[in-house]
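Report on the structure given below.
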Amino acid sequence: MIGDMIAKVRKEKGMTKTELAKLTDINIGHLTHIEKGERNPSHKALKNICRALDIPYQQLMYTYDKQVSEEQENYGFINHISHNKILAVNNLQDFIDCPSDMPGASLAVKINDDSMEPKLKKGTFAFIEFNSLLENKEIGLFFINGKILIRRFVIRRGKVILKPDNKAFEEIEINDSNNFFIIGKVLNCK
């Protein structure tokens, strides 16, 4: 997945592989293998690539050892992973212990409504792994049209639906007009 992200950002920036190779002092053949997912860049090489692309290093680091499934590739999952945005938190509450069974957790988010009950109860914390690949029906943290929501990621008839577990809340169908990013996967709740 990291190679896909590098290629995507490079193309968005209008940069050729040759230009990126020169800016990073990485052999173009090695860069081609990285973009095809045949090799992972070293951390030093990834930092150089991010510097050359003018994007934050950590956002791509979250995708380092992840592989995109065929279903995720067909959906275009890679287009909804943020490479240049970071989550802004305006209300810090405290540090909490990261459970040992969730070593990939990057953040704990307090559940502020009952949209995901009974699975995720209001007032508990959901542990989030940033930029994680979501499989059909897994729960994730999403940014959509200025709001951050926790919902079930459902692929139905080729469309992505953000589905609440609580039937009192409405499903959200994602379309091209939505400003939509996948922040991460909910690992568990405590």
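Which condition does THR18 not pass, out of (1) modelled with pLDDT under 90; (2) of a type in the set (S, T, N, Q); (3) over 30 Å from ASP165 (Cβ atoms), if it passes all the others?
The failed condition is (1).
Right, GLU117: buried (at least 19 other Cβ atoms within 10 Å of the Cβ) and of a type in the set (Asp, Glu) or not? Break it down into steps so the answer makes sense when it comes.
Working: buried (at least 19 other Cβ atoms within 10 Å of the Cβ): no; of a type in the set (Asp, Glu): yes.
It is false that GLU117 is buried (at least 19 other Cβ atoms within 10 Å of the Cβ) and of a type in the set (Asp, Glu).
Which one is farthest from TYR62 (Cα to Cα), of the residues in segment 100-111 that are in a loop (DSSP other than H, G, I, E, B) and free of Cβ contacts under 8 Å to residues at least 40 places away in the same chain?
SER100
As an exercise: evaluate ASN131 against (1) in contact (Cβ under 8 Å) with a residue 40 or more places away in the chain; (2) on the phi < 0 side of the Ramachandran plot and give the number of the one condition it does not meet.
Only one criterion in (1) in contact (Cβ under 8 Å) with a residue 40 or more places away in the chain; (2) on the phi < 0 side of the Ramachandran plot is unmet by ASN131, namely (2).
Picking from ASN112, ASN40, ASN84, ASN27, which residue would you name as being assigned by TED's automatic domain parsing to the domain that holds ASN166 and over 19 Å from LEU134 (Cα atoms)? Full working, then the answer.
On the way: ASN40 fails: assigned by TED's automatic domain parsing to the domain that holds ASN166; ASN84 fails: assigned by TED's automatic domain parsing to the domain that holds ASN166; ASN27 fails: assigned by TED's automatic domain parsing to the domain that holds ASN166.
After ruling out the rest, the residue left standing is ASN112.
Restricting to segment 40-50, what's the tally of residues that are without any contact (Cβ under 8 Å) to a residue 24 or more places away in the chain and either under 17 Å from the mean Cα position of the chain (by Cα) or surrounded by 13 or more Cβ atoms within 10 Å (Cβ to Cβ) (or both)?
Residues in segment 40-50 being without any contact (Cβ under 8 Å) to a residue 24 or more places away in the chain and either under 17 Å from the mean Cα position of the chain (by Cα) or surrounded by 13 or more Cβ atoms within 10 Å (Cβ to Cβ) (or both): 3 in total.
Taking the stated definitions as given, is LEU60 in contact (Cβ under 8 Å) with a residue 24 or more places away in the chain, surrounded by 12 or more Cβ atoms within 10 Å (Cβ to Cβ) and assigned by TED's automatic domain parsing to the domain that holds VAL9?
It is true that LEU60 is in contact (Cβ under 8 Å) with a residue 24 or more places away in the chain, surrounded by 12 or more Cβ atoms within 10 Å (Cβ to Cβ) and assigned by TED's automatic domain parsing to the domain that holds VAL9.
Run down LEU162, LEU46, LEU60 and say which single residue is out of contact with any Cys (no Cβ under 7 Å at 6 or more places or on another chain), hydrophobic (A, V, I, L, M, F, W, C) and within 30 Å of HIS33 (Cβ to Cβ).
The match here is LEU46.
Just to be sure, is LYS85 outside any loop (DSSP other than H, G, I, E, B) and either of a type in the set (Lys, Arg) or without any contact (Cβ under 8 Å) to a residue 40 or more places away in the chain (or both)?
No; evaluated as a whole, the condition is false for this residue.
The values are calculated or read from the model by the stated rules, or taken from the named source; none is laboratory data. On a predicted model such as this, the values are computed, not experimentally measured, just so you know. Cβ atoms come from the backbone with ideal geometry, glycine included; neighbour counts cover every protein chain shown.
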